[in-house]
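Every read-out reported here was derived from the displayed coordinates using simple, explicitly stated rules and does not represent laboratory data. For clarity, every value in this text was computed on a predicted model and none was experimentally measured. A quick note on method: Cβ atoms are made from the backbone with ideal geometry, for glycine too, and the neighbour counts reach across all protein chains shown.
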Amino acid sequence: MKKNKKHKKFRLFSSLSFRINMVLIIILVIVGWLFIRSVTFGVSLVTNGNRQINMSRMITASIDNRLNHIENVMKTGALVALQKRMTENNSTIFRDSLGKMDQIDTVYLSTNKLAEVEAVKKCLARVDSSGVGMWSEPYLVEKDSAKVLVVSFITPLKNSRGNIYSSLCANVRLDWLDELARREVGHESGAKVSVITGNDIYVYYTDSDRIMKNAKNYPADFENNGENVALQVYSNIQEFMLRSGNAYVKATGWRVVCDVPLRDDTVLLKAVTGISIFTLLLLFFVIILAIVITVNWQLRPLGKIADATDAIAQGKFDTQLPKVKGHSDIAHLRDSFVSMQHELARYIEDLRATTEKKANMERDLHIAAKIQQGMLLKVFPAFPGREDIDIYGMQRAAKEVGGDIFDFLMRDDRLYFLIGDVSGKGVPASLFMTVVGHLFRNVARYSTSASIIVEAINNGLAEGNDEDMFCTLFCGVLDMQTGRVEFCNAGHNPPIWIHEGNTSFMHPEVNLPTGVLGDFEYKSEEIQLSEGDALFLYTDGVTEAENSQKALFGDASTLAMVDLLKDVPMMDMADGVVDAIRRFVDDYEQSDDLTMLCLRWRGKKSIG
């Protein structure tokens, strides 16, 4: 008793309520940590983004100013060259004076000397087609035994008719970009500046090893920041902001990108972090207190409900569940348990009644199976006083009772035999089979024609056949003196005929199955047996025996087994075929009734 009270006293720490509390607290801690990280990181992104964009715009403005200055100088020089009608030969002093200007390395009045440079050649083509001055793509030239990065500005010279007769070209060295970038970056430790052409080629990079290399081959330098995914997102945002701002050099279309490492030592960031932590701690305390009080108050009745449920599980269906006030989920759960209790009690009672009915039905089916087996011939040899006939039949039902039939009788030195397969299985098929057997025996006592016997069976089955059941039949009459067999096939599987040592399927004319259409005229056929000939009659449960791979035993296997056993007694033939089918299907469930009737005529013999 004390142990039970102690268990209830500490239910908070050992039951579902405690686990829910702990899960909620853990979730709140995680959410709070993510919130603080998001706020601090967001502030860092905003401040860092402003620094990067401002720095990029300042560098861009400086580059634009220098390039615009060079453009203005070159356009002025072009006007002078036009007025004085200068050519390559008489403009040396003029070109040298332009070349002495800051940033300009060499000036040509004709671009023939640079025509072999691919970047200049493309720029000349654009100038010729547009008629305005343009900047070429950057390229490397040999200067004092070293490669120097230059860019050319080409402006056209037009005659009085407006036709371009020459071009004024200035080669501008780009080594001043390094000085400009370092001056603008200044105190930003770890910052890197990239100047990239529209074709994604580096014109300048803080580390000079990337000059004239494709920028796509170098991912963003965020590997060491510890915020890879977030910084990649920020990089995409920054790219959009740069495209919408002034971070593109208007003269050349170059874009300037500044990568500045995140800094978390700003006063604003520290203030925001401190306020966020204090607010979250206060919020955690209030929420956790509210959760503990609310959850435990809500879950208090669960202990009593659990005890009552344990009693119900032990079979005490009259146990009363505790009442829960209000319309909470616990009250709804309690009502659901009450409904389940009533349904469970009713289900147990119904199960008991159903089990009893099933037991009675199984007992009745067992009795019916015995009656059915008793109706089939099972004493062999069937005619112990006769040496002229060897006949054997067997049936193995797929269910308790089957729908296959075989039967035979001897009258006036004639053997009347029959094998059939009723549509369906189980009790309805067995009842239909019983009617077939009675009709066969009654008609065979006065008729010697197989077709008349089948017609009588057909008319008897068709009358009042509201369930549209039918039965395939093979009926034969063997004259024991002559070996002549008159037979009628009503939609049944063709028998196998062992004739003078050869084994093959018969090809009888196929009539309608019995029970389908009343007053149908059935036709008989005849064969002549030789001494020692045998007939193997069977139902489709033999050829359609199925294994676990859904493969069928088939006609070929059946014919092969009968041919293999053609010289053995009829009982051994039937048992051999059954063994072959059993090996084929292995442990797979029998899907159809299995029935065989084997007979061998030994010729005219004396009757003992």
Label points 7 Å out from Cα along the Cβ direction at ASP519 and ILE287: separation in nm? 9.0 nm
Can you compute the modelled spin-label distance between ASN217 and ARG414, with each label point 7 Å from Cα toward Cβ, in nm? 10.4 nm
So, over other residues within a Cβ distance under 14 Å of ASP128, counting Lys, Arg +1 and Asp, Glu -1, the net charge is +4
Give the peptides 467-480, 526-539, 569-582, 201-214 in descending order of average Cβ contacts within 10 Å, highest first. 467-480, 526-539, 569-582, 201-214
Taking every pair of alpha-carbon atoms in the stretch 525-608, what share in percent sits in each 5 Å bin, from 0 to the bin with the longest distance? 3, 14, 23, 21, 15, 10, 6, 4, 2, 1, 0
Over the C-alpha atoms of the stretch 390-528, what are the Rg and the largest Cα-to-Cα span, Dmax, in Å? 14.7, 46
Additional length obtainable on full extension of the chain from ILE27 to ARG396, 0.36 nm per residue less Cα span: 126.2 nm
Determine the gain in length on full extension of the stretch LEU79-ALA61; use 0.36 nm per residue of separation and subtract their C-alpha separation, reporting nm with one decimal. 3.8 nm
Give, rounded to the nearest 20 debye, the magnitude of the charge dipole that the stretch 425-578 has about its Cα centre when Lys and Arg contribute +1 at Cβ and Asp and Glu contribute -1 at Cβ. 280 debye
Net charge near GLY501, counting Lys/Arg +1 and Asp/Glu -1 over other residues with Cβ under 11 Å of its Cβ? -3
So if I place +1 on the C-beta of Lys and Arg and -1 on the C-beta of Asp and Glu, and nothing else carries charge, what would the dipole magnitude of the stretch 108-178 be about its Cα centre? I want it in debye, nearest 20. 340 debye
Can you work out the base-10 log of I(q)/I(0) for the stretch 124-189 at q = 0.28 1/Å, using the Debye formula on its C-alpha atoms alone? -1.12
